[in-house]
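Remarks on the structure that follows.
The values are calculated or read from the model by the stated rules, or taken from the named source; none is laboratory data. Computed from a predicted model, the values in this text were never measured in an experiment. Using ideal geometry, Cβ is built from the backbone for each residue, glycine included, and neighbour counts are taken over all protein chains shown.
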Amino acid sequence: MKTVAIVGGIFGIIASLLAMFFTLIENTYTVGNFGLLGIAAGVLGIIAAFLLDRKSVLGGVLLIVAAAVGVYAVLLYFLLPGVLMLIAAFVKMTRKGSRY
């Protein structure tokens, strides 16, 4: 699940950069400014992915927060990365024998 979360974070960064690029074409800078927040959510998702092995609950909560912030920031561009992060978070948090 760590790999799924890392891929979600990388896709999140790419999706946020695409959102910023498309807003430059359309001259609507409101979504472009939120693109930086989407990039931060992608980076948080990658950091949380590395925490999943040691502290699965903390890493899962951070992945859920990263997915929520990313979807809030760049909307439809962050759906696939957000779903990947949520899948990794819920699977890792609901396994039996997971450490706190």
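Could you tell me which residue of segment 81-98 is modelled with the lowest pLDDT, considering only residues that are under 16 Å from Lys2 (Cα atoms) and surrounded by fewer than 19 Cβ atoms within 10 Å (Cβ to Cβ)? Break it down stepwise before answering.
Of the residues in segment 81-98, the ones under 16 Å from Lys2 (Cα atoms) are 81-95, 98.
Still in the list and also surrounded by fewer than 19 Cβ atoms within 10 Å (Cβ to Cβ): 83, 87, 90-91, 93-95, 98.
Details: Val83: 94, Ile87: 94, Phe90: 92, Val91: 92, Met93: 84, Thr94: 86, Arg95: 78, Ser98: 50.
Only one residue tops the list, namely Ser98.
Under the condition of being in contact with a helix residue (DSSP H, G or I) (Cβ under 7 Å, 6 or more places away or on another chain) and modelled with pLDDT of 90 or more, which residue from segment 30-42 is surrounded by the most Cβ atoms within 10 Å (Cβ to Cβ)? Show your work before the answer.
Within segment 30-42, the first condition is being in contact with a helix residue (DSSP H, G or I) (Cβ under 7 Å, 6 or more places away or on another chain), and the residues that meet it are 31-32, 34-35, 37-39, 41-42.
Checking the rest, the ones that are also modelled with pLDDT of 90 or more come to 37-39, 41-42.
Working: Leu37: 15, Gly38: 30, Ile39: 21, Ala41: 28, Gly42: 28.
So, considering only residues that are in contact with a helix residue (DSSP H, G or I) (Cβ under 7 Å, 6 or more places away or on another chain) and modelled with pLDDT of 90 or more, the one surrounded by the most Cβ atoms within 10 Å (Cβ to Cβ) is Gly38.
List the number of the failed condition for Val65; all other conditions in (1) surrounded by 21 or more Cβ atoms within 10 Å (Cβ to Cβ); (2) modelled with pLDDT of 95 or more; (3) not acidic (Asp, Glu) hold.
The number of the failed condition is (1).
Select from segment 43-56 the residues that are out of contact with any helix residue (DSSP H, G or I) (no Cβ under 6 Å at 6 or more places or on another chain) and among the aliphatic types (A, V, I, L, M) and write down the one among them that is nearest to Arg95 (Cα to Cα).
Ile47
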